[in-house]
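Written out below as structure tokens is the structure these notes cover.
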Amino acid sequence: MSDDIRIERDSMGEVEVPADAYWGAQTQRSLENFKIADHRMPRTMIKALGSVKWACAEANSEFELLDDRRKKAIQTAAEEVIAGDLDDQFPLKVWQTGSGTQTNMNTNEVIANRAIEILGGEIGTKEPVHPNDHVNMSQSTNDSFPTATHVAVVDQLESRVIPAIDHLQETIDQKVEEFEDIIKTGRTHLMDATPVTLGQELSGWSAQLGYAKQALEDALDMLCEVAIGGTAVGTGLNTPEGFDEAVCDALRHKTGYPFEPAPNKFAQLAGKEPLAEAHGALRTLATSLNKIANDVRWMSSGPRCGIGEIDIPTNEPGSSIMPGKVNPTQGEAMVMVCAQVFGNDAAVSQAAAGGNFELNVYKPMLAHNLLDSGRMLADAMRSFTDKCVVGIEPNREQLQENLEKSLMLVTALNPHIGYDKAAEVAKKAHKEGKTLREAVTELGYMTGEEFDEAVDPAEMVGPNVDDS
């Protein structure tokens, strides 16, 4: 036998494993059997699996199923998994068994072999720590993997996605205050409409983000119910009574998040409504961000032949052939991310609906897509905020020019001359290239002075005020 390999054994026989690897036979079999694409299990998921194994060791010790020596070694190894010190020992692809068994066993084997090493034993011997008997004690992949998925998604939403929303929303709110008195042309159907302030326009963005954040916070309540204690089919076979609560106590201590045992483990193993809800909230966030990014792209278009009402930071050259061209690249990156999230959501919906009897077998893909969407959106929001939104400035000259040219100021004439005459004024002004003031006076419906008194854009950005 080469010095570079060792022989590991599982229920199917002998397997050659790299001599210095902490993983074992089942991980090696997965490496050989699932050579599919390049998507490895996300780091956030590996961290969460480490937390679950740490918590299960704590609970098994409380029930005197695991002696203190093994418990401490397992938890020390799990801490290293949580910290990322053993990331190179998790080589498996997302595309594997639908329960996530190979990744669960990868975690069990790495923690077991590292614990053996901590206790002075020889890795690969399964003594004095066995990956199934000790690290996986009182668990099945079918409850530990979905529990870890919930832990990972909660951690990502709380630590990355929601803070990124807050950062973007706070930046937009600063702009809302800064731009509250800048009057501009409103647009509906991509066509000129009645005036708004630039601050009002951006306040809509902030409110959209508020709705998306609320959806994510609602989803967190469902995600904090976890499957642990259900074992293979939801019955809790091979667990002591109260094991689920003990694990959740340990998880709350370890992570700081309010995990609770799911009241129905059968739904947790076979149904994936909490994950579908959570990704639906991410999709809602993506719809908001897509609209905001596209508004920025349209409003900054030009600089001379577009709308050109705002200026955005110029971060890099925009063309390999057109000198001086600058593009709204942060907005483009954002809408691409949103499109990918929409695609991920379609896959999550299909996967969440794909359970049969007591198990859903799309679990690795569900974990991957949830965490992929969350990370992309969090990163994109940070980039969009810091490289674009923070530097938005009004192009006051263009805003004023567009406002003065807008035919929809004619709406202010409705109370004075009626809708039909006002429409006639607008059509005449547009057809003949005249101002509304010129058109209404030529038609004899108002004097110039009456028009000036009736049409004040500053009085058109809110409800009518009765001065009587």
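The values are calculated or read from the model by the stated rules, or taken from the named source; none is laboratory data. In this text, all values refer to a predicted model and were calculated from it rather than measured experimentally. Cβ atoms come from the backbone with ideal geometry, glycine included; neighbour counts cover every protein chain shown.
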Among the listed residues GLU241, GLU225, GLU245, GLU217, which satisfies the condition of being free of Cβ contacts under 8 Å to residues at least 12 places away in the same chain and over 30 Å from GLU309 (Cβ atoms)?
GLU241
Give region 181-223 a look and list any residue that's under 14 Å from the mean Cα position of the chain (by Cα) and among the hydrophobic types (A, V, I, L, M, F, W, C), or say none.
LEU209, ALA212, ALA215, LEU216, ALA219, LEU220
Name the one entry in GLU180, GLU170 that is in the same structural domain as GLY308 (by TED's automatic domain parsing), in a helix (DSSP H, G or I) and free of Cβ contacts under 8 Å to residues at least 24 places away in the same chain.
GLU170
Within region 1-106, which helices (runs of 4 or more DSSP H) (wholly inside it) include 3 or more residues that are of a type in the set (D, E, K, R)?
43-62, 68-83
In region 353-392, the residues that are under 19 Å from GLN96 (Cα atoms) and either among the β-branched types (Val, Ile, Thr) or touching a His at 6+ places or on another chain (Cβ under 8 Å) (or both)
VAL361, HIS368, ASN369, LEU370
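Kindly evaluate LYS325 against the criterion of being surrounded by fewer than 20 Cβ atoms within 10 Å (Cβ to Cβ), of a type in the set (Lys, Arg), in a helix (DSSP H, G or I) and assigned by TED's automatic domain parsing to the domain that holds ILE172. If you could, list the steps in order and put the result at the bottom.
Values: surrounded by fewer than 20 Cβ atoms within 10 Å (Cβ to Cβ): yes; of a type in the set (Lys, Arg): yes; in a helix (DSSP H, G or I): no; assigned by TED's automatic domain parsing to the domain that holds ILE172: yes.
Criteria not met by LYS325.
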From MET376, MET365, MET336, MET381, residue being farther than 30 Å from PRO463 by Cα and exposed (fewer than 15 other Cβ atoms within 10 Å of the Cβ):
MET336
Every residue in region 357-372 that is part of a loop (DSSP other than H, G, I, E, B), touching a helix residue (DSSP H, G or I) at 6+ places or on another chain (Cβ under 7 Å) and on the phi < 0 side of the Ramachandran plot, please.
GLU358, ASN360, TYR362
If ASN136 meets every condition in (1) closer than 16 Å to PHE243 by Cα; (2) surrounded by 23 or more Cβ atoms within 10 Å (Cβ to Cβ); (3) not β-branched (Val, Ile, Thr) apart from one, which number is that one?
(2)
For region 305-357, give me each residue that is modelled with pLDDT under 95, of a type in the set (S, T, N, Q) and farther than 21 Å from ARG382 by Cα.
SER319, SER320
